[in-house]
Amino acid sequence: MEASNGIKEIQLAQKSSSASIGLGSSTPSSSGTSGKSKRVWVWTESKQVMTASVERGWNTFIFSSRSRELADEWSSIALIHPLFIQEGAIFDGENRSVATILEVSNPQELEQLQPDKGLGENVVVDLLDWQVIPAENIVAAFQGSEKTVFAISKTPLEAQVFFEALEQGLGGVVLKVEDVKAILDLKDYFDRRDEVSNILSLTKATVTSVQVAGMGDRVCVDLCSLMRPGEGLLVGSFARGLFLVHSECLESNYIASRPFRVNAGPVHAYVAVPGGKTCYLSELKSGKEVILVDQKGHQRTAIVGRVKIETRPLILVEAKLQRDSVNQTLYSILVQNAETVALVCPSKGIEVQKTAIPVTSLKVGDEILVRLQGGARHTGIEIQEFIVEK
């Protein structure tokens, strides 16, 4: 049906919109910078998908009007919020309308999708053709609005596009799938995004040895993001302690700054990646994600754009914790012996006096930052077992 405002409207359902308050599987996530929780509604007829969704905190499900028996069956075995599509509208179990559904198939319809058009509190949009540009336009149009815009998504990758449009992202997705893996992949995406909101604990360590080590194959990691002073990658020879290696964002008299690059270390070294995991620097390649960390422990994910492995002179840096006077656990890293390679040092109170120390200037007694964690790893995942690394 062609609505008067030009949008192909399946239903304008704004009556009793307060019924939607509290509906819907909010998932706190930093996938957008707005700070609002993202919401996921699931549209499926698969019991396995339903079970996986409920186990991961998503308990709002959409059913066709012919599937009320299925909704009743699932409600008897799990605590769910069933929603029903009836005559083109979305209703809750008490027949109260909770959402507006709109099909958008051309630029004219997209342009008329505005928050002041008498829409309901929740707006479900079915983007029939393009996805990225329409999603960005919708985010721009609805910024500052109290309405939650959902996009119908048939894959986790589509959902990711909607959640990341213009950084803010849409408020939610309706994930229309019959495959359990889609639920697992979307939850994994949220878990990786949620890590960013957590501040990593970084510990002061004191340099105990700096020595030339000879030649080796070192890895430059070029990212699809620009880094700020104080940011870098967590890298180390041992998983138990990763050093914060600074990016090449600082100005130099001899070479132009490259704020997208970290000269990280040799091919054998561990590097921190999302999910609390590590991988070898030699395993990084275009498209993989890594974690960027700053002096304060704030973290964000970044995509690897390119990896360069070249033979270069290396320097070995060893450090110990000041408080570790009993075990004297040793932490070490090998990096290229070059002025552009630096280790991040602790900030001094509120005012940061120094961001990083070039390894060519590093000396015994200097303080740098390390990330302490479990040393035993299996395919990058921390495990509990006895291990000796030296």
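The values are calculated or read from the model by the stated rules, or taken from the named source; none is laboratory data. In this text, all values refer to a predicted model and were calculated from it rather than measured experimentally. Here the Cβ positions follow ideal geometry from the backbone for every residue, glycine too, while neighbour counts run over all protein chains shown. The area values use the complete protein model at the heavy-atom level, side chains included, leaving out ligands, DNA and RNA. Shrake-Rupley method; radii C 1.70, N 1.55, O 1.52, S 1.80 Å.
Things to note:
- Among residues other than D366 with Cβ under 14 Å from its Cβ, the summed charge is +3 (Lys and Arg +1, Asp and Glu -1).
- Accessible-area composition of segment 39-197, carbon plus sulfur, in percent [1.4 Å probe]: 48 percent
- Taking other residues whose beta carbon is less than 10 angstrom from the beta carbon of I357, and scoring Lys, Arg as +1 and Asp, Glu as -1, yields 0.
- Of the peptides 141-147, 47-53, the ranking by mean beta-carbon count within 10 Å, highest at the top, reads 47-53, 141-147.
- Between R258 and R96, the simple label model (points 7 Å from Cα in the Cβ direction) yields a spacing of 5.9 nm.
- Solvent-accessible area of H268, all protein chains in place: 80 Å² (probe radius 1.4 Å, heavy atoms, ligands and nucleic acids excluded).
- Surface listing: E103, E45 arranged by accessible area from highest to lowest gives E45, E103, probe 1.4 Å.
- When the alpha carbon gyration tensor of segment 203-374 is reduced to an equivalent ellipsoid, the three semi-axes, largest first, read 22, 17, 17 Å.
- Accessible-area ranking of T311, T301, largest first, probe 1.4 Å: T311, T301
- Summing charges over all other residues whose Cβ lies under 14 Å from the Cβ of S75, with Lys and Arg as +1 and Asp and Glu as -1, gives -3.
- Calculated FRET efficiency, K354 to D188, Cβ-Cβ distance, R0 = 41 Å: about 0.60 to the nearest 0.05.
- Restraint check, K38/K176; K277/K308; K320/K348; K38/K277; K47/K285, Cα-Cα greater than 27 Å: K47/K285
- Computed on the Cα trace of segment 39-197, the radius of gyration divided by the Kirkwood hydrodynamic radius gives Rg/Rh = 0.96.
- For S76 and L250, the difference between the fully extended length at 0.36 nm per residue and the C-alpha to C-alpha distance is 56.6 nm.
- For C345, the accessible surface of its heavy atoms amounts to roughly 10 Å² (probe 1.4 Å, protein chains only, rounded to the nearest 10).
- Highest average packing first - 233-242, 205-214, 269-278, Cβ atoms within 10 Å: 233-242, 269-278, 205-214
- Solvent-accessible area, 1.4 Å probe, carbon plus sulfur percent, for segment 238-310: 51 percent
- Whether segment 165-269 is rounded, prolate or oblate, judged on the alpha carbon gyration tensor where a/c under 1.5 counts as rounded: prolate
- At the residue level, D366 shows approximately 20 square angstrom of accessible surface with a 1.4 angstrom probe and all protein chains present.
- Heavy-atom SASA rank of D116, D92, D72, D191 (probe 1.4 Å, accessible area, largest first): D116, D72, D191, D92
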